[in-house]
Amino acid sequence: MRPTRYVLLSLTMFGLWLLLSGHYEPLTLAFGVFSSLLVTYLAWRMDRQDRYTFPLIMTWRLVGYWVWLIKEILKSNVNVIRIILTPSLPISPIMVPFHACMKSDLARMIYANSITLTPGTITTGTEGDILRIHALTWHDVDGREEDAMADQICGLECPWSRKP
């Protein structure tokens, strides 16, 4: 049991609640604290926190990954716009399997969703460590961007989230 994780979970839930509610009266704040503590207690009773709560290292690497991902999304947007506006460019839809090297389920999910966020590609399914990716053109899944994305995400994984 890791009490630090439960404290972080409770603080995160209360912070999100506070951000979304926008009310700062004492009674409303008390309800927010109570609901955050209740949900944290329920998570502790269900023993659900160990597998999925905070398995990524929250460092500048995560901010760096977000910046890198936004840059890749913008580049993909330009590529898709170019394909749409230039009818002579060939569209050759393709389905490609990719091996995900991540150790945790959460990191594989982030990888699959990051691929889907980049225009022109979508992750259609997963089977274990294999992701099925549909792309607008072969150039979209030549492996370079996906390998760079996988390296970025693997750098975010915490040691305690890795499978033996």
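The values are calculated or read from the model by the stated rules, or taken from the named source; none is laboratory data. The structure presented is a predicted model; accordingly, all values stated were derived computationally and were not measured. Positions of Cβ are backbone-derived with ideal geometry, glycine not excepted, and every protein chain shown enters the neighbour counts.
Scanning region 100-127 for residues that are over 20 Å from residue 80 (Cβ atoms) and more than 17 Å from the chain's Cα centre (by Cα) turns up just one, 127. Of all residues in region 118-153, those that are loosely packed, with under 15 Cβ neighbours inside 10 Å and either of a type in the set (A, V, I, L, M, F, W, C) or not assigned by TED's automatic domain parsing to the domain that holds residue 72 (or both) total 3. Taken over region 2-39, the criterion of being part of a loop (DSSP other than H, G, I, E, B) and without any contact (Cβ under 8 Å) to a residue 40 or more places away in the chain is satisfied by 22, 23, 24, 25. Taken over region 118-164, residues that are of a type outside the set (A, V, I, L, M, F, W, C) and at pLDDT 75 or above amount to 18. Note on region 57-139: enclosed strands (runs of 3 or more DSSP E) holding 1 or more residues that are touching a Phe, Trp or Tyr at 6+ places or on another chain (Cβ under 9 Å) and free of Cβ contacts under 8 Å to residues at least 12 places away in the same chain are 121-127.
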